[in-house]
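Asker: Submitted below is the structure of interest, expressed as C-alpha cells.
Bear in mind these aren't lab numbers, they're just calculated from the coordinates by the rules spelled out. Bear in mind the structure is a predicted one, so any value in this text is a computation, not a measurement. Counting neighbours? That spans all protein chains shown, and the Cβs are built from the backbone with ideal geometry, glycine included.
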Amino acid sequence: MKYGILLNKNNLNIGDDIQAYATAQFYPKVDYFIDRENMLNFKTDDDKPVAVIMNAWYMWKKWNWPPSKYIYPLFVGFHYADHQLAKQPGSPLKYEFLTGEGGAYLNAWGPVGCRDHFTEKNLKSIGVDAYFSGCITLTLPKQKTEDRGRYICVVDVDEKVTAQIKKQMEGTGIEVRVMTHNQKRNADRAWEQREADTVERLTEYQNAICVVTKRLHCALPCLAMEVPVLLVKDMTDDIRFDPYYSFLHWVRPGDFLEGKCDYDFANPPENKPDYKPVREGLIKRCKDFVESVADDDRTAEEASKYKADEKTVLTWRVEAEKNAFEIWQKGLSDDARQFSEYQNEKWELMKQTGAYQKEYGFVKRLKHIYYKIIDATYKNMIPDYDAEWKKIDKAIGAAPDGDIEKLRYEDRRYRRMFNRLMDFAGRNFRGLRDCRRENDRLRKEAKEKGGK
C-alpha cells in the first residue's frame, strides 16, 4: 500500500507542517499529499487505497465528510471543534456531519484516537467510539545537535512577558530569540520546502537552552525532543490544551509578570515525564499500522471497512446539508442582529464621548435615525440567498437525469453554497470583532470623561 499525509495547504501556522512532518516519519516514503479540507474528493491513480495517519484539526469545511474510499485511515490525534468555541471565524456547524453515516464511517475505522479530552468526550456523546491518543507531535525524534551558541527561544509569547524575559537575561550572555509560528499563506509551497523549513525550526528548538511558548505545536514537539520548555498561557479557556496541563511546566502571563514563576531560563529544569507513556503508545500504534498495510495490495473497495454504497452516503449527506443550511441561515441572522445592536450601542457611546456630533453631520445623523427605524444594518448583513443560488446554478448547469446523478448534483450545489457562506461568516466575524473592540474603546473613553 502507498502512503499519504494530510496537509493544511493554505495554513498560517507552521504548526500544521510540524504535524505533517511528524506523520511522515513513520512512512518508508510519502506518495500522496492530501488536502485536509477536500478529503471527500481524493482519488488515486490505480484504484488502490492510500494509508493515512489522520492526525489533524477537523475541519473548516465540515460538510466534506466522510473522506474518500481511497483513504485507508488510522485516526489518532483527532481534534474536532466548533470554530466559535475556538474563537475563530467559521461555520456555526458542530457535529452534524459526524452523526448518521458520518458517525458510522468513524466507527467502522475506530476507535478514534483524540488529541484532547474535549474531542473525546464529544465524540462519545454522539455514539463514536473514542479514546485519548495524544498528538502526533509527541512522537517526534530528536533533531541534529549543533553548536548554535547560547540562546533561548521565545515563541509567540505575550509582549510584556517577552520584555520581562529579556530583562532577566541581561548580562547573562544568553541570547533571547523572539520567534513566531505565524507565516504567510501560500497553498502552492512544495512539500520539500515545507519540510525543510520545519526541520530548520525544530533544529533551532533542539539546540536551545530552553523554549518559552504559548503554542501547542511548539510545546509538544519540545517535550518529544526533550528540550526544556515553559508554557506561558492563560489555559483556562483553551480546550485544546486539556490534558497537556499536567505534562508541562506552565504559568499564566499575569502570574509570570507578578513574579510568581521560579523557572530558571539559564538552567531550566527537566521536563516532566508524564507525557512519555502517551508518546510510546502513539508511536506503537503508528508503527503497527504502517507495518500492517505494507504488503496490502487490495483495491479501495476491497480494503474499506466502511461498506455503505454511494447512494446511501449521498442521500444522507444531502439531507444533512439541507438541515445544516437552515442552521447556517439562523447563524448568519443572529450575527446580523448582534452587529446591528453593536452599531446602535456605538452611536450611543459616541454621543457620550462627544464624537457623534464631531464626526457626523446633520444629514448623516438623519440617515442613521432612518436606518435604525427600517433596521437597515440588520437587513444589509443578510446574504441574498436567491442570488447566490442563481450564481451556483449558472456555474454548474442544469440538474441531470438519474437518481445518483441528481444526488451528486444537489451535493455539489450545497457544498458550493457552503463555501460562499464561509465568506459571509468570515466577514461577519471581522465586523463583529472590530465593532466590539471599538465599543470597548468608546466605553472606556466615556467612563473616563464621566469621571472627570
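Asker: Between Ala163 and Glu270, 0.36 nm times their residue separation minus their Cα-Cα distance comes to what?
Answerer: So the extension gain works out to 36.1 nm.
Asker: Let me ask something else about it. Charges on Cβ only, +1 for Lys and Arg, -1 for Asp and Glu, centred on the Cα centroid of the chain; of Gly402, Trp191, Gln329, which one is farthest towards the dipole's positive end?
Answerer: It is Gln329, whose Cα lies furthest towards the positive end.
Asker: Another question, if that's okay. What does the charge dipole of the chain about its Cα centre add up to, to the nearest 20 debye, if the Cβ of each Lys and Arg holds +1 and the Cβ of each Asp and Glu holds -1?
Answerer: 1880
Asker: Could you tell me which of the pairs Lys61/Lys184; Lys284/Lys305; Lys62/Lys305; Lys260/Lys444; Lys94/Lys351; Lys61/Lys394 are separated by over 28 angstrom between their Cα atoms in the structure shown?
Answerer: Checking Cα-Cα distances, Lys260/Lys444; Lys94/Lys351 exceed 28 Å.
Asker: Can you tell me which aspartates and glutamates have their Cα less than 18 Å from the Cα of Lys330? Leave out same-chain residues fewer than eight positions away.
Answerer: Asp82, Glu96, Glu319, Glu321, Glu341, Asp375, Asp384, Asp386, Glu388, Asp423
Asker: I've got another one for you. Using a Cα-Cα cut-off of under 15 Å, which aspartates and glutamates could be cross-linked to Lys214, ignoring same-chain neighbours fewer than 8 residues away?
Answerer: Of all the aspartates and glutamates, those that pass the test against Lys214 - Cα under 15 Å, at least 8 places apart if same chain - are Asp156, Asp158, Glu159, Asp234, Asp237, Asp238, Asp242, Asp255.
Asker: Working out 0.36 nm times the residue gap between Arg437 and Asp296, then minus their Cα-Cα distance, what length gain in nm do you get to one decimal?
Answerer: Full extension from Arg437 to Asp296 adds 45.2 nm.
Asker: Could you give the length gained on full extension between Leu257 and Lys184, defined as 0.36 nm per residue of separation minus the Cα-Cα distance, in nm?
Answerer: Working it through step by step, the gained length comes to 23.2 nm.
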